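Following: one structure in structure tokens, then a few remarks.
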């Protein structure tokens, strides 16, 4: 195997993220609302509520897969997910660094990138209004079924991907999730800190020690403050605390949230942001010249193909030059 091929296959961490780019089409007016009948106010009767629930369930069952909740994707084959992803230009919105909403009309590029090699391992093209989290499972399934990297251990993403089904998909693949936690009006956990590490009687956090892969168990040891604590020998606090990650895959990750190891892996996520920037600055991703979603997707696919091919050529040239210098 060539040094370049070895570098690609020895990927330990994959980073997933999305970036937007505008369509050439003239954008329709934003925020137009269709006129509907005014909602009937007041409490529904028991019969009305039962009928409403039946109609709601029927509507949700008939929705396209990408309009349903993310957990519905878990049992859908990869080919079907890729075939049904929406690709027409739509209005998208995200918050900028100042916390203000920024709108654009067009598409999204969803990438899964090897953080060490910076090769694009999987990519998806979608409408601009698709939630980032709804593209994660197709990307993950694509890696698992089509790339199959033997050294892959971690999937890292920002807080926009903090959904339980995504953790479940990663766990099914035998890998670990390193995803920023997105607090959603959830109460503070009693007996645990903000990273879900257990706390002692005086509310000092236990220290993450190790992860037992066989039993999928995190091990925590006593806080350093306990050495001088008058309650240390009273048997009130445990010396060692263990918790299985399957108790809650979202809260308990390996390595543990807040640990130095977790932070080190999460920093690797910037690799996908760099690739997104490269595609826009140097590979014409931000210059779609076609009006239809299908032709824009061809543009996107060519951009990702040319990027990987260019990177492979550069890596091979560098490897050859390094070999000549050694010789």
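Inspect all residues belonging to the range 219-232 and state whether any of them is in contact with a strand residue (DSSP E or B) (Cβ under 7 Å, 6 or more places away or on another chain), buried (at least 18 other Cβ atoms within 10 Å of the Cβ) and closer than 26 Å to residue 162 by Cβ. Taking every residue of the range 219-232 in turn, at least one turns out to be in contact with a strand residue (DSSP E or B) (Cβ under 7 Å, 6 or more places away or on another chain), buried (at least 18 other Cβ atoms within 10 Å of the Cβ) and closer than 26 Å to residue 162 by Cβ. Within the set 144, 195, the sole residue that is in contact (Cβ under 8 Å) with a residue 24 or more places away in the chain, farther than 16 Å from residue 213 by Cα and in a loop (DSSP other than H, G, I, E, B) turns out to be 195.
Of the listed requirements (1) in contact with a strand residue (DSSP E or B) (Cβ under 8 Å, 6 or more places away or on another chain); (2) at pLDDT 95 or above, residue 246 misses just one: (1). Just one residue in the set 275, 314 is part of a helix (DSSP H, G or I) and in contact with a helix residue (DSSP H, G or I) (Cβ under 8 Å, 6 or more places away or on another chain); that residue is 275. From the list 123, 97, the one residue that fits, being within 19 Å of residue 274 (Cα to Cα), out of contact with any helix residue (DSSP H, G or I) (no Cβ under 9 Å at 6 or more places or on another chain) and either in contact (Cβ under 8 Å) with a residue 60 or more places away in the chain or in the same structural domain as residue 67 (by TED's automatic domain parsing) (or both), is 97.
Is there a residue in the range 249-256 that is in a strand (DSSP E or B), under 30 Å from residue 161 (Cβ atoms) and free of Cβ contacts under 8 Å to residues at least 60 places away in the same chain? No, because not a single residue in the range 249-256 is in a strand (DSSP E or B), under 30 Å from residue 161 (Cβ atoms) and free of Cβ contacts under 8 Å to residues at least 60 places away in the same chain. Scanning the range 148-170 for residues that are touching a residue at least 12 places away in the same chain (Cβ under 8 Å), closer than 15 Å to residue 14 by Cβ and surrounded by fewer than 17 Cβ atoms within 10 Å (Cβ to Cβ) returns 150, 151, 153. The residues of the range 168-192 that are in contact with a strand residue (DSSP E or B) (Cβ under 8 Å, 6 or more places away or on another chain), within 13 Å of residue 248 (Cβ to Cβ) and part of a helix (DSSP H, G or I) amount to a single one, 171. If you go through the range 41-88 and keep only what is assigned to a loop (DSSP other than H, G, I, E, B) and more than 24 Å from the chain's Cα centre (by Cα), you end up with 41, 42, 43, 44, 45, 62. Considering 254, 261, 197, the condition of being under 21 Å from the mean Cα position of the chain (by Cα) and buried (at least 17 other Cβ atoms within 10 Å of the Cβ) is satisfied by 254 alone. Test residue 110 against the criterion of being outside any strand (DSSP E or B) and either touching a residue at least 24 places away in the same chain (Cβ under 8 Å) or on the phi > 0 side of the Ramachandran plot (or both), and give yes or no. Answer is no for this residue. On the basis of being in contact with a helix residue (DSSP H, G or I) (Cβ under 7 Å, 6 or more places away or on another chain) and at positive phi, does residue 118 make the cut? For residue 118, the condition - in contact with a helix residue (DSSP H, G or I) (Cβ under 7 Å, 6 or more places away or on another chain) and at positive phi - is met.
Regarding residue 271, is this residue assigned by TED's automatic domain parsing to the domain that holds residue 161, surrounded by fewer than 17 Cβ atoms within 10 Å (Cβ to Cβ) and under 23 Å from residue 180 (Cβ atoms)? Here the answer is no, as residue 271 does not meet what is asked.
The values are calculated or read from the model by the stated rules, or taken from the named source; none is laboratory data. Quick caveat: nothing in here was measured; it's all calculated off a predicted structure. Glycine gets a Cβ as well: all are built from the backbone with ideal geometry, and neighbour counts include every protein chain shown.
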